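A short worksheet on the structure shown next.
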Amino acid sequence: MTKEEKIMEEEVKESFDTNQETEDQAVEVEEVKETKKEKKEAKKKKKEKKKEETLEEKMAKIEADLEDWKGAYARKNAEFQNFTKRKQNELEEFRKYASEKVILKVLEAVDNLERGVAASTETKDFEALVKGVEMTLSQMHGIMNAEGVEPIEALGKEYDPHLHQAVMTENCDVTENDHITMELQKGYKMKDRVIRPSMVKVCKK
């Protein structure tokens, strides 16, 4: 082999080694790129998985809170229903026996009237009976006053449709127009509220 051939062979070999080295470097670069890509994808998947787990945890917490709220609402609703029912029963009980106090007072008057009638029947003393009735009537008026019940003034007063009920009219010379000439049935107020209007005859000219 000549010197020139030997130099040429060395150059070819050197070129081959350089190309081989370049190829090896390229392979290494690709491998590095692949490794980075895989790491990046793995990191991305891990992040997505973590995010998915976090979302599931949040949903689970929300569902648990919702169940707690439902339970609390059900308990409060049941308590309110029981409270309402209890108050309604108390109100019904109060209405049922609201007049008990007044009835007891009336019974005392009834007892006195019955005793007066019984005594008058035995003695035939009708004056005593009248006196007993008057006493009982006075007792009844006392009971009514104690409960805030008072009679409505009517005779000679100007007719008031809120207090009086006109059932008859007459042309009366001695009474002013729209004034009451006769009281046919007494009316009563209880604490400023009319519980029965007076039944009256009114002058109309």
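Let's see how each residue does on (1) of a type outside the set (Lys, Arg); (2) surrounded by 10 or more Cβ atoms within 10 Å (Cβ to Cβ); (3) farther than 30 Å from LYS189 by Cα:
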| site | (1), (2), (3) |
| --- | --- |
| GLU79 | yes, yes, yes |
| PHE83 | yes, yes, yes |
| LEU91 | yes, yes, no |
| VAL110 | yes, yes, no |
| LYS131 | no, yes, no |
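Can you pull out every residue in the range 133-160 that is surrounded by 15 or more Cβ atoms within 10 Å (Cβ to Cβ) and among the hydrophobic types (A, V, I, L, M, F, W, C)?
VAL133, MET140, ILE143, MET144, VAL149, ILE152, ALA154, listed by residue number.
In the range 110-169, how many residues are under 24 Å from GLU183 (Cα atoms) and of a type outside the set (D, E, K, R)?
30
Would you say GLU122 is exposed (fewer than 10 other Cβ atoms within 10 Å of the Cβ) and not polar (S, T, N, Q)?
Spelling it out, GLU122 is indeed exposed (fewer than 10 other Cβ atoms within 10 Å of the Cβ) and not polar (S, T, N, Q).
Within the range 134-173, how many residues are of a type in the set (Gly, Ala, Ser) and over 17 Å from LEU107 (Cβ atoms)?
4
So which of THR181, THR123 ends up being over 30 Å from ALA98 (Cβ atoms), among the polar types (S, T, N, Q) and without any contact (Cβ under 8 Å) to a residue 12 or more places away in the chain?
The unique qualifying residue is THR123.
Residues checked against (1) on the phi > 0 side of the Ramachandran plot; (2) at pLDDT below 80; (3) in contact with a Leu (Cβ under 9 Å, 6 or more places away or on another chain); (4) assigned to a helix (DSSP H, G or I):
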{"site": "LYS39", "(1), (2), (3), (4)": "no, yes, no, yes"}
{"site": "LYS49", "(1), (2), (3), (4)": "no, yes, no, yes"}
{"site": "LYS58", "(1), (2), (3), (4)": "no, no, no, yes"}
{"site": "GLU67", "(1), (2), (3), (4)": "no, no, no, yes"}
{"site": "GLY71", "(1), (2), (3), (4)": "no, no, no, yes"}
{"site": "ARG75", "(1), (2), (3), (4)": "no, no, no, yes"}
{"site": "GLU92", "(1), (2), (3), (4)": "no, no, no, yes"}
{"site": "THR121", "(1), (2), (3), (4)": "no, yes, yes, yes"}
{"site": "GLU127", "(1), (2), (3), (4)": "no, no, no, yes"}
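The values are calculated or read from the model by the stated rules, or taken from the named source; none is laboratory data. These numbers come from a predicted model, not from an experiment. Note that we place each Cβ from the backbone using ideal geometry, even for glycine, and neighbour counts take in every protein chain shown.
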